[in-house]
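**Student:** One structure follows; several queries about it will come next.
Throughout, read-outs are computed from the coordinates displayed, never taken from laboratory work. Computed from a prediction, not measured in an experiment: that's the story for all the values here. Here the Cβ positions follow ideal geometry from the backbone for every residue, glycine too, while neighbour counts run over all protein chains shown.
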Amino acid sequence: MESKERKGKQGMHKQLVAILRRTSVAAFGFALAASSWAAGPAQSAASKINDPARGWDSLWHEVIVDITIIGILFAVVTAWFMFSSRRTADNQVGASPKLSPASAVGWTVLPIFIFLSIDLYTAANGWVLWNHYRDVPADRLEVKLESGMYSWDYTYPNGVRTQNELIVPAGKPVMLRMTSRDTLHSHYIPDFRVKEDSMPGRVTYLWFHPTKPGEHLVTCAEYCGVMHSYMAGRVIVKSTDEYAAWMKQEETMLAAAATTEAPAVPAKAGAPAAKPKKT
Amino acid sequence: MNLKEWIFTTDHKRVGILYLIGSLAAFAVAGIMALLMRAELSTIGPTITANPTNYNVWLYTHGAVMILGFQIPALTGFFANFCIPLMIGAKDVAFPRVNALSVWLFYVGVILALLTFFIPDPPDIMWTGYPPYSTITTGNTAMYSFTVLILGFASIIGGVNFLTTVAYMRAPGITLNKLNIFVWCTLGAFVLQLIFVPVLGTAVSLISMDKYLGTNFFDPAKGGDVLTYQNLFWFYSHPAVYVIFLPFIGVVFEVLSSHARSAVFNYKMVVYGGIGGIVLLAGEVWVHHLYVSGMADWLRIGQMVTTLMISIPVGLMMISLVGTLYKSSIAFTTPMLYALGVVFLFLIGGLTGIPLAVPSLTLAVSDTYYVVGHFHYVMAVAGTFSIFAGIYHWFPKFSGRMYNEFWGKVGFWLTFIGSNVVFWTMMDIGVDGMPRRYYDYAHFPQFESAHQLMTAGAVVLGLGFAIAVLNWIIGAMKGPPAGDNPWGSPSLEWTTVSPPPHGNWPTPPSVAEDWHPYAYKKG
């Protein structure tokens with residue numbers, strides 16, 4: 001009697017181990033395949049510029065579709081159980097079957113591997129896009145940014161300075177090396193899907209790829225003080241010719257200012273970013 | 001029953017009810033702050049105040065008081081105090097006088113937080129208190145530091161108390177695998193509090209030392225570092241999310257199981273996989289709050305993986321919640337509606353967190369209304385709904401009376417609709433670029449109608465909450481007697497009279513061998 005029971009238990013353990021092995025192999029295989037597939041296109045396309053903003057749009061879309069499917073799945077099952085399990089008599093109790101130890105483990109291990117494979121797949125995709133965000137193309141315009149309450153001060157490689165207006169040529173990647181002279185700020189350009197905090201004592205960076213002429217809002221995304229919500233500026237993308245003309249004009253003005261030994265002032269110094277309408 | 005008896009009480013149930021009253025008062029204040037902010041945002045430019053500092057103070061108060069004054073005390077103060085000794089068959093907690101001290105400290109903290117409105121320069125540093133702003137503002141940073149320290153200390157001594165209580169005071173026959181899920185969840189939450197609160201205490205002490213005593217922990221000009229504060233702060237404050245999440249999902253398990261008269265699906269998976277998994281992962285994911293803060297790239301990638309892995313324990317718990325409903329017997333009472341509401345709201349909130357676990361996606365949506373909408377779904381609304389579910393569920397036990405079912409349901413539907421209107425809209429305009437913590441959105445005129453919709457939704461939401469609170473007050477005074485076990489639950493707290501006397505049971509309870517808190521019997 002006793003040995004029979006033990007035998008039964010041993011059989012169950014064997015069964016459990018078999019289930020575990022099969023599910024883990026399957027799930028890991030799926031996860032690895034998924035992540036290597038996701039990492040694939042990045043290596044082949046290393047030569048041309050990977051615009052992070054476009055990558056963001058497609059990955060965002062994909063993740064939103066994924067979570068919508070998972071959400072609808074859960075919601076429909078829940079709604080069905082709610083409907084089918086309405087209490088019909090006052091003394092009624094639930095009649096759900098008791099889980100056997102093997103199925104209890106199965107209901108734990110299988111979801112773990114499904115979730116883990118979704119996680120790893122998402123992580124692999126996210127990592128590929130992350131590298132696009134952080135690897136700045138060598139052929140770029142590099143501008144220094146100092147943020148302060150409440151303005152964005154840009155300095156171009158040739159010493160030209162602007163405030164709250166970042167003027168860039170179309171078609172060339174732009175990199176900002178950022179620091180702050182007072183509190184935290186965050187240089188957020190919604191149209192280019194990018195932001196990064198600037199702070200005193202450290203230099204952070206971001207880059208984006210303007211392709212055609214136009215204007216884009218820059219706004220502060222890290223609480224920096226009383227006037228936080230009025231700290232805004234613009235990225236102005238000009239055609240290559242217009243940009244060259246503008247830069248030449250700025251250079252002439254800079255040279256003129258240097259010869260008269262006037263104190264260096266930002267080319268576009270003026271009112272701070274904005275003020276409240278009614279005060 | 002006089003006031004002195006209540007103030008100097010050491011009875012765990014009265015301490016719990018004091019926690020409940022204090023945290024609901026805090027909830028009301030923080031809720032009014034939310035309505036003031038929504039009123040201000042209903043038009044572009046100044047609406048009800050021309051001074052952005054007023055708005056920033058409301059925002060600070062809303063965040064700090066909702067988390068530190070309402071959710072954590074309601075869950076680990078009221079529910080833990082009232083339910084745990086009753087659920088494990090104990091007469092009281094292990095250290096009743098320490099328990100009384102913790103509720104006194106809680107009231108000191110709440111009063112200190114409310115003094116914000118009576119001092120000349122109230123804190124305007126958000127609940128995060130990031131330097132350098134918090135060390136240079138004219139606002140009163142010390143007020144923030146001391147509020148956090150006192151509430152944190154109240155919570156730590158509560159944690160010691162409950163870990164001891166559950167370890168040593170269980171009635172004979174209640175083994176660890178027969179503990180209510182809520183007890184397990186609260187234990188997990190207190191373990192997290194004990195590990196991580198000291199780190200928060202350090203962080204908020206250091207900003208006040210920087211501001212008032214001339215130290216330079218966070219001033220890079222004098223050798224300090226700005227990012228250190230953010231690391232310290234979130235090293236506590238992300239686990240704090242689980243300090244709220246664990247007890248609230250525990251309450252949902254209790255309510256769902258009782259009103260569906262169905263055993264929790266795969267109990268051990270929830271306890272060891274779900275709760276255990278969250279306690280293990282809680283301390284390794286804080287960098288996802290710092291994805292755009294200028295952290296090292298390898299840290300952002302490493303914690304992307306750990307953050308995504310949070311989906312495993314949480315997913316197991318969701319499977320169990322839904323599985324509990326399978327072939328059950330659901331009565332759609334008010335507490336059940338709130339608990340089912342949590343399942344749907346938490347589903348939305350949890351899934352919208354997945355993109356935020358990925359740093360490359362977060363670069364665009366971090367610090368926007370998308371984040372605000374996400375954490376309101378996952379923590380604020382789901383948490384508050386579960387607190388409301390729990391209060392309705394145990395209302396017959398702690399008051400001995402019944403609430404009004406009709407007004408309970410009216411309150412539920414108003415809050416459910418209101419919160420979806422507000423927070424879905426919020427996530428929607430967040431993806432389009434609306435940044436958070438904005439007193440004015442002059443640069444985003446395209447969002448004005450969305451803001452007005454959210455303001456309308458907030459009014460509906462607030463009305464629903466007010467109806468629920470009134471329902472409790474009237475029910476506690478005039479409701480019909482409820483009986484000892486109105487829901488037909490085998491869980492131990494329903495075996496004593498309502499309301500339970502001091503000492504809980506006339507004779508100490510013991511349980512049969514086949515007893516389980518979720519073993520529902522026909523009858």
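**Student:** Which whole-number percentage describes the relative contact order of chain B, with Cα contacts under 8 Å and a sequence gap of 6 or more? Walk me through the numbers before you get to the answer.
**Tutor:** Numbers: 854 pairs, mean separation 91.3, N = 523.
Relative contact order, chain B: 17 percent.
**Student:** Once you put a point 7 Å from the Cα of B:A171 and another 7 Å from the Cα of A:S103, both along the Cβ direction, what distance in nm separates them?
**Tutor:** Distance between label points: 3.1 nm.
**Student:** Hey, can you grab everything whose amide H is under 5 Å from the amide H of A:E142? Only 5+ residues off in sequence or another chain; H modelled, so Pro and N-termini drop out.
**Tutor:** Amide H neighbours of A:E142, under 5 Å, 5+ apart: A:M175.
**Student:** Grab the Cα-Cα distance for B:W407 and B:A142, subtract it from 0.36 nm times how many residues apart they are, and report the gain in nm with one decimal.
**Tutor:** Details: separation 265, 0.36 × 265 = 95.40 nm, distance 4.26 nm.
Result for the pair: 91.1 nm of gain on full extension.
**Student:** Rounded to whole Å, give me the distance from the Cα center of the stretch A:219-255 to that of the stretch B:376-421.
**Tutor:** For the stretch A:219-255 versus the stretch B:376-421, the Cα centre distance is 51 Å.
**Student:** Here is a further query. Net charge near A:T78, counting Lys/Arg +1 and Asp/Glu -1 over other residues with Cβ under 15 Å of its Cβ?
**Tutor:** On the way: positive: A:R86, B:K327; negative: none.
After counting each charged neighbour, the total is +2.
**Student:** Counting other beta carbons within 10 Å of each Cβ, put A:K48, B:K91, B:K522 in order, fewest first.
**Tutor:** Working: A:K48 7, B:K91 16, B:K522 11.
Result, fewest neighbours first: A:K48, B:K522, B:K91.
**Student:** Further question on the same structure: If you average 1/r over all unlike Cα pairs in the stretch A:77-223 and invert the result, what Kirkwood radius do you get in angstrom?
**Tutor:** Details: mean 1/r = 0.0501 Å⁻¹.
Hydrodynamic radius (Kirkwood, Cα pairs) of the stretch A:77-223 is 20.0 Å.
**Student:** Determine the dipole magnitude for the stretch B:15-483: charges of +1 sit on the beta-carbon of Lys and Arg, -1 on that of Asp and Glu, nothing else is charged, the reference point is the Cα centre, and the result goes in debye to the nearest 20.
**Tutor:** Working: 17 positive and 16 negative charges, 315 e Å.
Its charge dipole is roughly 1520 debye.
**Student:** May I ask you to evaluate 6.51 cos²θ - 1.76 cosθ + 1.60, the Karplus curve with θ = phi - 60°, for each residue of the stretch B:393-405 and list the ³J(HN,Hα) values in order in whole Hz, giving x for glycine and proline?
**Tutor:** 5, 8, 3, x, 6, 7, 9, x, 10, 9, 7, 8, 5
**Student:** What whole-number distance in Å separates the alpha-carbon centres of the stretch B:78-121 and the stretch B:444-523?
**Tutor:** Value for the Cα centre distance between the two parts: 19 Å.
**Student:** Can you give me the Kirkwood hydrodynamic radius for the stretch B:1-100, using every pair of distinct Cα atoms, in Å to one decimal? Kindly include the intermediate steps, with their values, before the conclusion.
**Tutor:** Values: mean 1/r = 0.0647 Å⁻¹.
Its Kirkwood hydrodynamic radius stands at 15.5 Å.
**Student:** Spelling out what I want: for every residue of the stretch B:272-284, take phi, set θ = phi - 60°, compute 6.51 cos²θ - 1.76 cosθ + 1.60 (Karplus), and round to whole Hz; glycine and proline get x.
**Tutor:** Residue by residue, the stretch B:272-284 yields 7, x, x, 5, x, x, 5, 4, 5, 8, 3, x, 10 Hz.
**Student:** Here's another thing I want to ask about it. Kirkwood Rh and Cα-based Rg: tell me the resulting Rg over Rh for the protein assembly as shown, rounded to two decimals.
**Tutor:** On the way: Rg = 28.2 Å, Rh = 28.2 Å.
Ratio of gyration radius to Kirkwood radius: 1.00.
**Student:** In addition: Provide the per-residue ³J(HN,Hα) series for the stretch B:84-97, in order, calculated from phi with Karplus coefficients 6.51, -1.76, 1.60 and θ = phi - 60°, each as a whole number of Hz, with x at glycine and proline positions.
**Tutor:** Result, ordered by residue: 4, x, 5, 6, 9, x, 9, 6, 6, 7, 5, 10, x, 6 Hz.
**Student:** In addition: For n ≥ 4 DSSP H runs only, could you compute -39500 (n - 2.57) per run for chain B, divide by its residues and tell me the 222 nm figure to the nearest 500?
**Tutor:** Details: 19 runs with 318 residues, N = 523.
Only helices count here, giving -20500 deg cm²/dmol.
**Student:** If you rank B:L41, B:L151, B:L176 by fewest surrounding Cβ atoms within 10 Å, what's the result? Mind showing how you got there, number by number?
**Tutor:** Numbers: B:L41 22, B:L151 25, B:L176 12.
Neighbour counts put them in this order, fewest first: B:L176, B:L41, B:L151.
**Student:** Please order A:H216, B:H289, A:H185 by the number of other Cβ within 10 Å, starting at the fewest. Write down the numbers at each step before the final one.
**Tutor:** Details: A:H216 17, B:H289 24, A:H185 30.
Listing A:H216, B:H289, A:H185 from fewest to most nearby Cβ atoms yields A:H216, B:H289, A:H185.
**Student:** Compute the distance in nm between two label points, each set 7 Å from the Cα along the Cα-to-Cβ direction, one at A:S239 and one at B:A296.
**Tutor:** 4.8
**Student:** I've got another one for you. Excluding B:A171 itself, calculate the net charge of residues whose Cβ lies under 15 Å from the Cβ of B:A171, where each Lys or Arg counts +1 and each Asp or Glu counts -1.
**Tutor:** Once positives and negatives cancel, what remains is 0.
**Student:** Now, a different point. Quickly work out the A:A257-to-B:M477 label distance, labels modelled 7 Å from Cα along the C-beta direction, and quote it in nm with one decimal.
**Tutor:** Between B:M477 and A:A257, the simple spin-label model gives 7.0 nm.
**Student:** Also, I was wondering about something else. Please name whichever of B:W104, B:N266, B:L206 sits farthest to the positive end of the charge dipole of the stretch B:15-483, dipole taken about the Cα centre and charges placed at Cβ: Lys and Arg +1, Asp and Glu -1.
**Tutor:** Towards the positive end, the residue furthest out is B:N266.
**Student:** Be a star and scan the stretch B:320-343 for residues whose amide nitrogen sits under 12 Å from the point 7 Å along the Cα-to-Cβ vector of A:A95.
**Tutor:** It comes to B:327-329, nothing else.
**Student:** Now for a separate question. For a Förster distance of 60 Å, can you work out the FRET efficiency between the beta-carbons of B:V469 and A:V203, rounded to the nearest 0.05? Could the numbers behind the result be given before it?
**Tutor:** Values: r = 51 Å, r/R0 = 0.85.
E(calc), rounded to 0.05, equals 0.75.
**Student:** Which net charge results for the neighbourhood of B:L325, defined as the other residues with beta-carbon distances under 15 angstrom from its beta-carbon, given Lys and Arg at +1 and Asp and Glu at -1? Kindly include the intermediate steps, with their values, before the conclusion.
**Tutor:** Values: positive: A:R86, A:R87, B:R261, B:K327; negative: B:E254.
Taking every Cβ under 15 Å from that of B:L325, the sum is +3.
**Student:** At q = 0.11 Å⁻¹, what log₁₀ I(q)/I(0) does the stretch B:15-483 have when each alpha carbon counts as one equal point scatterer in the Debye sum?
**Tutor:** -0.89
**Student:** Could you work out the equivalent-ellipsoid semi-axes for the stretch A:141-259, taking the square root of 5 times each eigenvalue of the Cα gyration tensor, largest first, in whole Å? Could the numbers behind the result be given before it?
**Tutor:** On the way: eigenvalues 109, 60, 29 Å².
For the stretch A:141-259, the ellipsoid semi-axes come out as 23, 17, 12 Å.
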